[in-house]
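One structure is given below, encoded as structure tokens.
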Amino acid sequence: MAFLRPNLVHDPAPFVRGGGLILRPPAASDYVAWATLRAASRAHLVPFEPQWAHDELTRAAYRQRLRRYQRDVKEDAGYAFFIFSEFDGELLGGMTLSNVRRGVTQAAALGYWIGLRHARKGHMRSALASLVPFAFGGLRLHRIEAACLPHNQASIRTLEGAAFRHEGLARNYLKINGTWQDHMLYALSEEDRAR
């Protein structure tokens, strides 16, 4: 695994490479691949995500998403990545470190999605294994937090396989597909990685 740019906290476009994958910020040129993969994976993704807007997959909505991602990086509030196969450059999914908190906390929330045809092939586990060193090293975070639905066994296996520790249940925590739902809370700290 290699970080392709120095001083990542102030770099507007961090790239991470490892496990046969490249994680890089979304670009305008990724729109067609993103919209195609998300459309083909809609039934797979909708049960685990916030409710999709009526214009979710339009180019205008994608441009707005890119502007938000760029603003988050500039403000050190969040970092979005698309996950690509290093072998053929195909888009596989995405990851975000959002709600970055500094000061005494030094933490962020992890989110991720994988396209249906790429699910259950170990790609997300590999992407997470590459992202964690970037989060703790490049971004100088101390803690990464994640939440998943109690019935999302694939996500639970991904988090636990990456040494995230289960910390409890948050009732009615996030509004997923239009309904407030309970979530299992997981976290990984720098100390956890040292064990």
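Of note:
- Cα centre as origin, Lys/Arg/Asp/Glu Cβ charges: the chain dipole, Debye: 160 debye
- Computed from backbone phi, the HN-Hα couplings of segment 146-151 come to 9, 10, 9, 5, x, 8 Hz, rounded to whole numbers (Karplus: 6.51 cos²θ - 1.76 cosθ + 1.60, θ = phi - 60°; Gly and Pro given as x).
- Euclidean distance between Cα centres, segment 28-83 to segment 84-117, Å: 12 Å
- CD proxy at 222 nm, helix term only [per DSSP H run n ≥ 4: -39500 (n - 2.57); per residue of the chain; nearest 500]: -8000 deg cm²/dmol
- The simple Förster model, with R0 at 35 Å and r as the Cβ-Cβ distance, assigns Thr105 and Phe15 a FRET efficiency of 0.85.
- Options Gly89, Ala33, Tyr62, ranked by Cα towards positive dipole end of segment 30-112, top entry (Cβ charges): Tyr62
- Based on alpha carbons, the Rg and Dmax found for the chain are 15.9, 46 Å.
- Evaluating 6.51 cos²θ - 1.76 cosθ + 1.60 at θ = phi - 60° for every residue in segment 29-35, the Karplus couplings come out as 5, 8, 3, 4, 4, 5, 5 Hz, glycine and proline recorded as x.
- For the chain, built as a Gaussian network whose Cα springs stay under 10 Å, the top-fluctuating residue of Gly103, Gly168, Gly94: Gly103
Values quoted throughout were computed directly from the atomic coordinates according to the rules given, and no laboratory measurement underlies them. Since the structure is predicted, the reported quantities are computational estimates derived from the model, not experimental observations. Glycine gets a Cβ as well: all are built from the backbone with ideal geometry, and neighbour counts include every protein chain shown.
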